[in-house]
Each structure stands twice: as C-alpha cells, then as structure tokens.
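Let me begin by presenting the structure, written as structure tokens, before commenting on it.
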Amino acid sequence: MKNLFAVALGVLTAIGGFVDIGDLVTNAVVGSRFGLGLAWVVLVGVVGICIYAQMSGRVAAVSGRATFEIIRERLGPRAGLANLAASFLINLLTVTAEVGGVALALQLATSVDPGWWIPVAAFGVWIVIWRARFELLENVTGLLGLTLIVFAVALFMLSPDWGELAGQALQPGPPADEPVATYWFYAVALFGAAMTPYEVFFFSSGAIEEKWTEKDLAKSRLNVLVGFPLGGLLSIAIAGCAAVVLLPAAIDVTSLSQVVLPVAEAGGKIALSFVIVGILAATFGAALETTLSSGYTLAQYFGWSWGKFRKPAKAARFHLSMIVCLLIAVAILATGVDPILVTEYSVVFSAVALPLTYLPILIIANDREYMGDRVNGRGMNFVGQVYLVIILAAALAAIPLLIITGAGA
Amino acid sequence: MNDEHDHDHDHDHEHEHEHDHDHDHDGGAGRRMPRRDPRAPRGRVLDAHLHLLDRQVLDREGVPVTTVDDLELDGIEPGARIEPGSPPPTLTAILTGPQLLTRLFGGHAPAARRIAIPWKLVSAVGTTVRLGVDADSLDASWVERWVSRHLIGRIPGGRHDPE
Amino acid sequence: MPTGPAASGCLVLAAALLLTGCTSAAATMEQAVGQGVAAVETARLVVEQELDDRTFTTTAKTTLGDARRELVGAATTVSETDVSTETDAAYRDEVLAALGDGLDAVNDARAALGGVGSLDATVPQLEDAADGLEDLEGGP
C-alpha cells in the first residue's frame, strides 16, 4: 500500500512537473495557429524526453556522478566550458521565463502589474530553495501542477468537433495560409519546449540528491514512462483548447491571459481558478528546478560542493550562484521585456543547446568504466541514436528558421 | 602518459577498511582499486589524462572539494625531451584554482599563486579522487570557506539543515 | 577557429537585417491588422465571459490590458511604416483608424470594469471594431 502510494506520487509529480511556462505558451500559440497540426511533435518530444531522462537517471544512479562532472571529464576543460557556457546561459533564459511566468500568473489572479510580482516571485523561489527539502518542493509543486488537468476537462466541456481535431492531428503539414518555414519553426519550438535540457540536469542531480541506487531505477522508469506521456497529453489538451476557441476567432496567442481564455469559456470561474493555481504551481516548480539546475551545472563543472541536502553554508558557492542567477533574472525582467517573448526564445534556444548535453550522456551510458554492465542495451542505443539525429536536425534548423520567420511572426 | 605515484604513506588518514587495498608497497607500481568495484580500471598504472585530469576531488566525508584542474609532476622539465630509460616522473600534487585558466588558455601561472593539494593526501582513485582529510583543512577550499563565512553563513538560516 | 563562429554570426546578422528590411510596407501593415483582430476578438471574448460571470474581474482586467498593449504595438508599427504608393498610404490611414476604434473599444471596456460606463455597451463596440479590422485583412 505504501509502495503503491509512492509510485502514484511519483507519477503524479512527473505529470505536474512536465508542464512549464514553455509548454503552456508554445502549445497555446501552436494550437491557436495550427490547431492540432503539430501534435505529432509533442509525441516525438515526449518519447525523446523519456529516453533522455531515463539514460541520465541511470547514469546518475549507477555511477553516482552528475551530468556536468561527467561532461567535463569526458570533453576536457575547454569543450566542457563551452558546453557549460551555452547550457548555463540558456538555462538562465529559462529561469527568467519561469519567474516571469509566476508573475504573469499572479497578475491573472490579482490584476496587479507583473512588475510588482517579479521580485516577490524571485524571493519566493529563493526562500524555498534556501529552506525546503528536495522531496517536499518536488512533490508539492508537482501535485498542485496537476490541477492543469483542467485543460483536458475543458476540452471535453467545449464539446468540440472531434473529427475535425483528429483530422488536424492526423494530417500534419502547414495549413494553406501559413508559410512552410513558420510551421517548421513552431515544430522546433514545440520540440524544445518538451525536451528542455534543464529537466535532465535536474533529474540526474536529483537522483544524486535523493541518493538513488540501482534499485530506485525501476521506480524512476515508471515515473518517467507513465508521468511524462500523461504530461504530453496535457500539452496536447492545451493546444486543443486553443484550437477550439481561439483558432476560429483568429486569435493568435501572445499573452498568458489568452492561454486561459478557453478554460474560462468552458468551465467558468471554478475551472479558471484551477488553471491559475496550476499555472502558478507549474511555473513556480519549474523556476525552482531551473534555478537549482543553474547551481548544479556550475558547481559540477568547477567541482564545488553542491546539493540541497547540505546546509547552505556547506555548499556556499552553489547557493551564491543561485542567488546571483535569480538576481540576473529579475534584472532582465525589470527592463520590461515581455516574459512571453523570453519564453518563446528560451524554448527555441533549448532546442539549439540540446545536443550539447544529450550526446555526452549517450556516450557515458555506453562507457563501462562508469556503468559497469549497466551500459545501454542494443535497443536503447538504436533509439538513442535515432533521437540523436532528430535532436541534431532540430538544433541546426532552429536558428535559420528563427531568422527566416522573424521568430514565427 | 603514464604516471607512477609517489607513495608517501600516511596511514593516519586511512579510516575506511577498503582503502587498505589502495596502498601497494611494491614501489613503482600504480594504485590498485578496491577489488569489489566493477567500475574500476583493471590496469596497474593510471593514465593521468584519462583517469585524473578533470576528475572530481572529494574529501574524507565525500564533500566535493574541487576538480583536478592540473597536476604537478616531479622529475621532468617542461618542454625538455624525455630520454628513453630515464626514471619515470612522480606525481607530487593536484593543482587547482588559477591552474584551470592556464589549461584553458595556455601559459604559466606564477608558482606563488598555485593552489596545490599534496598527492600524499590522496587516499583512493576511482571515478573520483578521494582525499584522506577534511576539505576545511585545505588551502584549496579557501574560496568556499570565504563565501560561506562572509556571505552565505550570514543570511538567516544559512547554517541550518533544510526543513 | 575563432573566426568561424564570428563569421557565421555576422552572416546571420546580415541575413536578419536583409529579411526585416525587405518586408514590404503592405505586408507589415497586414500583419498589424491580424494582430489587431486578435486583440479585439480577445477583448470581446473576455467581456462576454465577464458579463456571463464566467471569469474573475482581475483576469478580465489583465486580459484587456494585454489586448490594449497589442493594439498599441500594432498601431505603432503601422504609423512607423514608410509607404511608397498612394494605395499604401490610403491603406495605412484606414488601418490606423480601425486600430484606433479597437483601442477605444478596449479602453471603454477596461473603464467599464472599473465602474465607469456600461460593460454591455462595449460588446457591440468591440464587434464593430473587429468587423472594421477584418474588412482590411486582405491588404490594400
């Protein structure tokens, strides 16, 4: 019974933890422009993040080593530093987007300008990292984030033309009124939103924080293999809601307030309160994860003491670097830049940075010095390499598409 | 490049039983790994580049101290040709701090600014380098101690366990 | 080696400048019209939700604020567009007027949420503004 509870908890946390500001915004934008025409990308992304998270979790549990320690050992200091710089900066962009997302969600609830909420959100993130235990923060934000299921409920309540939605999903390809490049630009963005690298830094470092052994791997596999696909379904429901309500009204999503419009349309104030709580929890949880990830990557490259299981004074540079990251995020948002815009760029650049961490993990998962006989099997390597090709293609196409389409305008 | 290790045995630092494997007394040969660890390399000598550089250094309690940014060798002159048959160089210290910059960008750091962890403090080499002493006793962790004492330790709650 | 990324960075920048510089005035304005339609339709939807008591006033106020920002952005883009033909110039004036109507309607709705004027009255106003903008969607 206790075991069943632990499993359920893990799965639920993975569902709630899958969705962040990048998924919320990108799926709504895509739904409002292409209907479910890009739902296949979410599926590709979900399978990818399952493989990636599973491999990095296994590497962390078997070798006891976190991602960036290994990246530096294997790539050497120079290539390792270039990798760190790119991954760290993109992660910082994601921290900024998530903190901005918390502020926007608070604005929806209060109509107070997000400028006032940004410092509050950043302080909240810091105090939780400073004081709360790892499992606690993971479980609370994950479970509250589960209220986002209201998107799926709302989709049913809107009683859409299911045949039409299925038609959009099963006939992928750019619609007549949108350029081909724009379609592929959003495909890359959606892929980047589903496979953000921070999820993996967080997942593998979390495995070490929680002192996983090989025995915990089965549990993690279940969490990932059940939780992430359900999170992916949630993402498709977000796009579906936008496709039903916003697409016919010619509303291209440019703000978080438009993301929740279909939910209020379907379920009124009750549904709206669920969705606001869900967005708040999802963005706050992701803000915690990304902030921790920025500390993890730096500390692991330089060999500093790190981890939430230590007293802050026993991992001083780790905590200092996270404080600095949050201050930078607040400074970026204080310029008045639209957090939705930051989010859109962060998901595209996530796709660009993905090979930098994916490839080393794939190599280490085959390295007997670290993995003993728990190296990748033949099937896993085949899928891993197929995804390497997809990830490389998305990374190489991302910036040219960004420029050609003027960021999807 | 194969390095052999200068074993300045300091058994005061040996507290864990399995570390007894680590000290061979046959001179010249490398460190042997604890037999039960399947991930340990089988060879008896270590490739400094593959097995030491950029590895995580942990202290006696398993607290990360630094990364092996560079190594200090005794018995060879930098740049000089190594004659065949000359005695193998010995490892004298793990270098850190400014040493990372010289490895990234080349050049030499002045000897006075080097932060060294004497090799005699090393108790085991696996996928990480273990030391037999506490991190706080090392020069290499002064930045961590400074940040801890002057910044992080001063924020309320900084010295408490997370709740 | 270091020249590689720098050179490709310059190329990317040059390409970006070319692409943004080459977009025609009519296309820029058409895009602004689309942005305006989306904003006015959003406002109409949220006002109807507010009248049905399906949304929180705070959320409605935020949504209208976002719609207003979009309209202001679209109007700024259009007024900063250089036109080179008579047709484009006439189109620009029409678009600016339609975006202005949309902005007025959204502002009235926000005021009504604050207790100034009637919210019911803003629905037809928003519908008219949306129609006006939709008429301009095909370009000059």
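Each reported figure results from applying straightforward, stated rules to the coordinates on display, with no laboratory input. Remember, predicted model here, so these are calculated numbers, not experimental data. As a convention, Cβ positions derive from the backbone with ideal geometry for all residues, glycine included, and neighbour counts pool all protein chains shown.
Descriptive notes on the structure:
- Each Lys and Arg contributes +1 and each Asp and Glu -1, all at the Cβ; summed about the Cα centre of region A:29-405, the dipole is approximately 1360 debye.
- Kirkwood-Stokes translational diffusion coefficient of the protein assembly as shown, alpha-carbon pairs, 37 °C, 0.692 mPa s, µm²/s: 119 µm²/s
- 14 Å beta-carbon shell around A:Ser321, net charge (K/R +1, D/E -1): +1
- Sorting A:Ser321, A:Ser255, A:Ser273, A:Ser56 from the fewest to the most surrounding beta carbons within 10 angstrom yields A:Ser273, A:Ser321, A:Ser255, A:Ser56.
- Leading residue at positive end of dipole, the protein assembly as shown (Cβ point charges), from A:Val25, A:Gln54, A:Gly100: A:Gln54
- Paramagnetic label zone (point 7 Å from Cα along Cα-to-C-beta, A:Val386; backbone N under 14 Å) in region A:351-368: none
- Helical contribution to [θ] at 222 nm, DSSP H n ≥ 4, -39,500 (n - 2.57), averaged over the protein assembly as shown, rounded to 500: -22000 deg cm²/dmol
- Partner chain coverage, peptide A:298-309 - average Cβ within 10 angstrom: 5
- Overall dimensions of region A:29-405 by Cα: Rg and Dmax, Å: 20.1, 59
- Ordering of A:108-120, C:54-66 by packing [mean C-beta count within 10 Å, highest first]: C:54-66, A:108-120
- Most mobile listed residue (A:Gly307, A:Gly45, A:Gly336) in chain A, GNM with C-alpha springs under 10 Å: A:Gly336
- Relative to the longest principal axis of the Cα atoms of chain A, the long axis of helix A:21-34 lies at roughly 40 degrees.
- Amide H contacts of B:Asp70 (H built 1.01 Å from N, in plane; Pro and chain starts excluded): B:Leu95 sit under 5 Å, all sequence-distant by 5 or more or on other chains.
- Using only side-chain charges placed at the Cβ, +1 for Lys and Arg and -1 for Asp and Glu, the dipole size of the protein assembly as shown relative to its Cα centre rounds to 2520 debye.
- Among A:Ala334, A:Val386, A:Ile403 the positive-end extreme of the charge dipole of region A:290-409 (Cβ point charges): A:Ala334
- Reachable lysines from A:Lys269, criterion Cα separation under 17 angstrom, eight or more residues apart if same chain: C:Lys61
- With the alpha-carbon atoms of region C:24-134 aligned to their principal axes, the span from lowest to highest coordinate is 48, 20, 19 Å, starting with the largest.
- Modelled label reach - A:Trp40, point 7 Å along Cα→Cβ, region A:370-409 residues with backbone N closer than 19 Å: A:386-395, A:397-398
- Counted charge near A:Gly232, where neighbours are those whose Cβ lies closer than 14 Å (Asp, Glu -1; Lys, Arg +1): -3
- Between 0 and 90 degrees, the angle of helix A:378-404 with respect to the longest Cα principal axis of chain A falls at about 60 degrees.
- With each label modelled as a point 7 angstrom along the Cα→C-beta vector, the B:Leu151-A:Asp373 pair spans 4.7 nm.
- Volume per residue that the Cα convex hull of region A:84-199 spans, once the total is divided by residue count, Å³: 188 Å³
- Point-to-point label distance, B:Ser86-A:Ser159, nm (Cα→Cβ direction, 7 Å offset): 8.9 nm
- Local electrostatic count, A:Leu155, Cβ distance below 14 Å [Lys/Arg +1, Asp/Glu -1]: -3
- With Cα atoms, 0 to 90° folded angle of helix A:134-145 axis to chain A main axis: 10 degrees
- Packing order of peptides A:274-283, A:243-252, C:71-80, highest average first: A:274-283, A:243-252, C:71-80 (average count of other Cβ atoms within 10 Å over each peptide's residues).
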